[in-house]
Amino acid sequence: MTDRLIIFDTTLRDGEQSPGAAMTREQKLRIAKQLERLRVDVIEAGFAAASNGDFEAVRAIANTIKDSIVCSLARANDKDISRAAEALQNARAKRIHTFIATSPLHMEKKLRMTPEQVLEQAKLAVRFARRFADDVEFSPEDGSRSELDFLCRVLEAVIKEGARTINIADTVGYAVPHQYGELIRTLRERIPNSDKAIWSVHCHNDLGMAVANSLAGVLAGARQVECTINGLGERAGNTALEEVVMAVKTRRDVFGLDVRIDTTQIVPTSKLVSNITGFPVQPNKAVVGANAFAHASGIHQDGVLKERQTYEIMRAEDVGWTANKIVLGKLSGRNAFKQRVQELGIPIESEEELNAAFAKFKELADRKAEIFDEDIQALFSDEEVTLHQEYFKLVSLAQRSATGEPPHARVVLKINGREVVSESVGNGPVDASLKAIEREVKSGSELLLYSVNAITTGTESQGEVTVRLGRAGRIVNGVGSDLDIVAASAKAYLNALNKLYTTTERINPQTSTP
């Protein structure tokens, strides 16, 4: 036990397993740099054996990150572990995280292995991983539904083989806080060499208790929490990093622990992950939701004006919220723009990216008198799409709607560099525009989600649209922003199509067998 809680972020691995949240190598690297700026202790960069793309992303992050441990997931077999070790070869600090299922259901139905075979495989995997890294983590998948005696045998054995971190996975979000906390406490008490490892928790949110379960585990002696930005993750998501960190900091009287996290980077990180993955943050989300520090009740407003602590247990600025500050206008120059971008913590990958974003800023400034921080962040999110995914591109859009007449849209697109024109009518201007695109593209995809959010306040705010498409079992998210909500919708749809037409084969470690 230590007096510090280790924050293990798995946004780039478990978070990416959310349907539609797949990221490019460049996007993963950008998030990893922001996680390093957030001062996350461990970054689980991916599952190196899943695909060549995942391998390259893990390797790029390992070669770049200097202030956080870089980790790769690996199933309990030599091939996965070797691939993880290769990807992590140049990391300043590295960890191999290997796992195998230990619950009766998973062993029998998924692995088709006996408990003795699983025990032996776990031991061999940790022993093999120690050949490549001193820092090895072991997770019993579906640990919360495993038989206690067998779980103790496995964990005692892997600690003896050299596992430094033991992570108890509530893989399907089945646990409740008092039960999960008691499981951590019992394992630490019953396993003779439990003091030789750091105990970790990894909880899913299927019953809405991921954060509560994780904190119960911490109170029972766990000193690492595995979590994701915005609680991103498959199904109902994972433990939300921002909620755990602020709970531990705000209630230090209960937990008595320190965290290394720079909390002022929480909101910028949340916005970056939301923009890249296309998963918007709900307004009433704790810590990072738009309403998290808003007060509508007159009684609350009066109390906060008299003394902030009457209704606020955290300061908005401590987690990175700022006022919608007017920062730039159409007369602002490139240097002023660059300086504000740096102040916002937006990484500038190249002069090409900066120049392209500045050109879009000038275009926006001609249309919108007041440019807010959120507008600038949206520019870079949009620019990343156009820099890396150019197969489909919106050239222009014209739409006409009037009472009593069917809305009509005319769209000019570039498809792999070739300019085409398409027209359609629809039930509304957005519907007409997307039908015009689909008429030419013929993707055959299904529109699963259409969501609109205002980036800032007021009627001049840019609209941010999220589109989710599905085709042949593959699901992708697309995001687009513009002052014209119809144009933003077209951009989001094309962004999703670009992802849909990018063929990346992946293996989901939760459903694969060694």
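The values are calculated or read from the model by the stated rules, or taken from the named source; none is laboratory data. Computed from a predicted model, the values in this text were never measured in an experiment. Methodologically, a virtual Cβ is constructed for each residue, glycine included, from the backbone with ideal geometry; neighbour enumeration extends over all protein chains shown. Just so you know, the surface numbers come from the protein's heavy atoms only, side chains and all, with ligands and any DNA or RNA stripped out. Shrake-Rupley method; radii C 1.70, N 1.55, O 1.52, S 1.80 Å.
Could you tell me which numbered condition D302 fails, if it satisfies all but one of (1) modelled with pLDDT under 65; (2) open to solvent by 60 Å² or more (accessible area, probe 1.4 Å); (3) under 25 Å from A454 (Cα atoms)?
(3)
Among F132, F138, which is aromatic (F, W, Y), over 26 Å from the mean Cα position of the chain (by Cα) and at pLDDT 95 or above?
Values: F138 fails: over 26 Å from the mean Cα position of the chain (by Cα).
When all the criteria are applied, what remains is F132.
Yes or no: the range 222-238 includes at least one residue that is acidic (D, E), under 30 Å from A197 (Cβ atoms) and free of Cβ contacts under 8 Å to residues at least 60 places away in the same chain.
Taking the range 222-238 and keeping what is acidic (D, E), we get 226, 234.
Filter again for under 30 Å from A197 (Cβ atoms), leaving 226, 234.
Still in the running and free of Cβ contacts under 8 Å to residues at least 60 places away in the same chain: none.
Checking the range 222-238: not a single residue is acidic (D, E), under 30 Å from A197 (Cβ atoms) and free of Cβ contacts under 8 Å to residues at least 60 places away in the same chain.
Only helices (runs of 4 or more DSSP H) wholly contained in the range 164-264 count here; list those with 2 or more residues that are surrounded by 20 or more Cβ atoms within 10 Å (Cβ to Cβ). It would help to see each step written out before you state the result.
On the way: elements: 177-190, 210-219, 241-250, 252-255.
Qualifying helices (runs of 4 or more DSSP H): 177-190, 210-219, 241-250.
Based on this model, can you work out whether S139 counts as closer than 21 Å to I168 by Cβ and polar (S, T, N, Q)?
Numbers: closer than 21 Å to I168 by Cβ: yes; polar (S, T, N, Q): yes.
So S139 passes the test.
Where the second residue is among the aliphatic types (A, V, I, L, M) and not in a helix (DSSP H, G or I) and the first is farther than 17 Å from G237 by Cβ and lies in the range 172-186, which pairs have Cβ atoms under 6 Å and are six or more apart or on separate chains?
Cβ pairs passing all conditions: G181/A220; I184/A220; I184/A222; R185/A220.
Write out, first by first residue and then by second, each pair whose Cβ atoms fall under 8 Å of each other, whose residues are 6+ apart or on separate chains, and whose first residue, in the range 1-14, is more than 18 Å from N230 (Cα to Cα) and modelled with pLDDT of 95 or more while the second is of a type in the set (F, W, Y) and open to solvent by 10 Å² or more (accessible area, probe 1.4 Å).
Here the result reads L5/F255, each pair linking the range 1-14 to a residue that is of a type in the set (F, W, Y) and open to solvent by 10 Å² or more (accessible area, probe 1.4 Å).
Scan the range 87-123 for residues that are open to solvent by less than 10 Å² (accessible area, probe 1.4 Å), assigned to a helix (DSSP H, G or I) and within 25 Å of V58 (Cβ to Cβ) and jot them down.
Answer for the range 87-123, where residues must be open to solvent by less than 10 Å² (accessible area, probe 1.4 Å), assigned to a helix (DSSP H, G or I) and within 25 Å of V58 (Cβ to Cβ): A87, A122.
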